[in-house]
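Undergrad: Below is a structure I'd like to ask you about.
The values are calculated or read from the model by the stated rules, or taken from the named source; none is laboratory data. Keep in mind the model is a prediction, meaning the values are calculated, not measured. Cβ sites come from the backbone with ideal geometry, for glycine too, and all protein chains shown count toward neighbours.
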Amino acid sequence: MMWLDPEHCSFEISDILRFTRKRYQRELGQNDLRDFAVIGCRLKGKSRFFDGEKEVIADPHHYILIPPHMDYQQSGSQEEIICIHLSIHALKTKGIMEFYSPSPDLREKFIVLHRCWETKEKGYRLKCDSLIYDILFELFGTTGSGANKKAQKLLSPALELIYGKFADPYFSASQAVAASHISPAYFRRLFKAQYGVAPQLFLNRLKIERAKVLLVGGSHPIKEIAALCGFTNEKYFFAVFKKITGSTPSEWSRLHG
């Protein structure tokens, strides 16, 4: 489903919130007529949403997007949540969207985004915009034209292994293929249809996304970041980073740090 036009996407942030709640209940018919969209990330806990047609789940692996003027039913408990309130131009959906990603780095981007919004250091708006574009890009990638439930089910064990072990220097894409219990050729065909790239490039992109988060944090030297992202060779880290981002780690840090 094409829920966003990526070629014409722009947005305006109204707020970024982080809060906890023990229990929450909302019924259909309580529409507050908010004129902005909400992107929600659960750090803990779980909610169920029903928009009158379908039910979706929000938990630490499932993110949600609620469009403006949306009436819905919700129940949740023991939640810690980060919510982005924004007007998204080129948003096409009229129903609640659910996105599955076991990536810890996607959750980390929400945490860094909220911290950046709260501290409001010089240039914080640019940094927040950059992080939101990254978040939208990752969410969009989970709903491409090749996405389907059967492929997600077959690839899920391998995907969770990739997200869990991508920073391990001894982990390889072939280990993820083996975890799927389907033939390597079929796995690679499904994976490419679902995510648009080969498993090894997907793995390298995760490493580089993690490196970008650490570079924004500014608390680790580049050599240490390379090791934390699963690179035993700093020169290879530089080569992969440059190929994927178009800049060196130092250049990227100066632009976004």
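Undergrad: Only one residue in R34, R23 is of a type outside the set (A, V, I, L, M, F, W, C), over 22 Å from E160 (Cβ atoms) and not in a loop (DSSP other than H, G, I, E, B). Which one? Lay out the reasoning, then the answer.
TA: Numbers: R34 fails: not in a loop (DSSP other than H, G, I, E, B).
Matching residue, one of R34, R23: R23.
Undergrad: I'd like to verify a number: residues in region 12-34 that are in contact with a helix residue (DSSP H, G or I) (Cβ under 7 Å, 6 or more places away or on another chain) and not aliphatic (A, V, I, L, M), how many?
TA: Kept after step one, since they are in contact with a helix residue (DSSP H, G or I) (Cβ under 7 Å, 6 or more places away or on another chain), are these residues of region 12-34: 13, 16, 18.
Checking which are not aliphatic (A, V, I, L, M) leaves us with 18.
So the count comes out to 1.
Undergrad: Also, I was wondering about something else. State which residue pairs qualify: first residue over 19 Å from A198 (Cβ atoms) and inside region 163-179, second residue surrounded by 15 or more Cβ atoms within 10 Å (Cβ to Cβ) and of a type in the set (S, T, Y) in any location, beta carbons under 9 Å apart, and separation of 6 or more residues or different chains.
TA: Qualifying pairs under 9 Å: none.
Undergrad: Right, something else. Please tell me if F202 is among the aromatic types (F, W, Y), assigned to a loop (DSSP other than H, G, I, E, B) and on the phi < 0 side of the Ramachandran plot.
TA: Details: among the aromatic types (F, W, Y): yes; assigned to a loop (DSSP other than H, G, I, E, B): no; on the phi < 0 side of the Ramachandran plot: yes.
In short, no.
Undergrad: Ok, one more. Which condition number in (1) part of a helix (DSSP H, G or I); (2) of a type in the set (G, A, S); (3) over 20 Å from E138 (Cβ atoms) is the one that S219 fails?
TA: Among (1) part of a helix (DSSP H, G or I); (2) of a type in the set (G, A, S); (3) over 20 Å from E138 (Cβ atoms), S219 violates only (1).
Undergrad: Still on this model: In the list L43, L65, L28, L33, which residue meets the criterion of being more than 25 Å from K150 (Cα to Cα), of a type in the set (A, V, I, L, M) and surrounded by 14 or more Cβ atoms within 10 Å (Cβ to Cβ)?
TA: Being more than 25 Å from K150 (Cα to Cα), of a type in the set (A, V, I, L, M) and surrounded by 14 or more Cβ atoms within 10 Å (Cβ to Cβ) holds for just one of L43, L65, L28, L33, which is L43.
Undergrad: Still on this structure, please answer the following. Please tell me if K94 is more than 26 Å from E7 (Cα to Cα) and either surrounded by fewer than 17 Cβ atoms within 10 Å (Cβ to Cβ) or without any contact (Cβ under 8 Å) to a residue 12 or more places away in the chain (or both). Let's see the steps before the verdict.
TA: Details: more than 26 Å from E7 (Cα to Cα): no; either surrounded by fewer than 17 Cβ atoms within 10 Å (Cβ to Cβ) or without any contact (Cβ under 8 Å) to a residue 12 or more places away in the chain (or both): yes.
Against the criterion (more than 26 Å from E7 (Cα to Cα) and either surrounded by fewer than 17 Cβ atoms within 10 Å (Cβ to Cβ) or without any contact (Cβ under 8 Å) to a residue 12 or more places away in the chain (or both)), K94 does not qualify.
Undergrad: Here is a further query. In region 157-186, which residue that is hydroxyl-bearing (S, T, Y), in a helix (DSSP H, G or I) and surrounded by 14 or more Cβ atoms within 10 Å (Cβ to Cβ) is modelled with the lowest pLDDT?
TA: Residues of region 157-186 that are hydroxyl-bearing (S, T, Y), as a first pass: 163, 170, 172, 174, 180, 183, 186.
Next cut, in a helix (DSSP H, G or I) only: 163, 174, 180, 186.
Right, trim to surrounded by 14 or more Cβ atoms within 10 Å (Cβ to Cβ) and you get 163, 180.
Numbers: Y163: 84, S180: 88.
Per the criteria, the residue is Y163.
Undergrad: Where residues in region 187-202 are surrounded by fewer than 20 Cβ atoms within 10 Å (Cβ to Cβ) and within 23 Å of G246 (Cα to Cα), which of them is modelled with the lowest pLDDT? Break it down into steps so the answer makes sense when it comes.
TA: If we filter region 187-202 for residues that are surrounded by fewer than 20 Cβ atoms within 10 Å (Cβ to Cβ), which is where we start, we get 188-189, 192-193, 196-198, 200-201.
From what's left, within 23 Å of G246 (Cα to Cα): 192, 196-198, 200-201.
Values: K192: 83, G196: 75, V197: 82, A198: 89, Q200: 91, L201: 90.
By that ranking, first place goes to G196.
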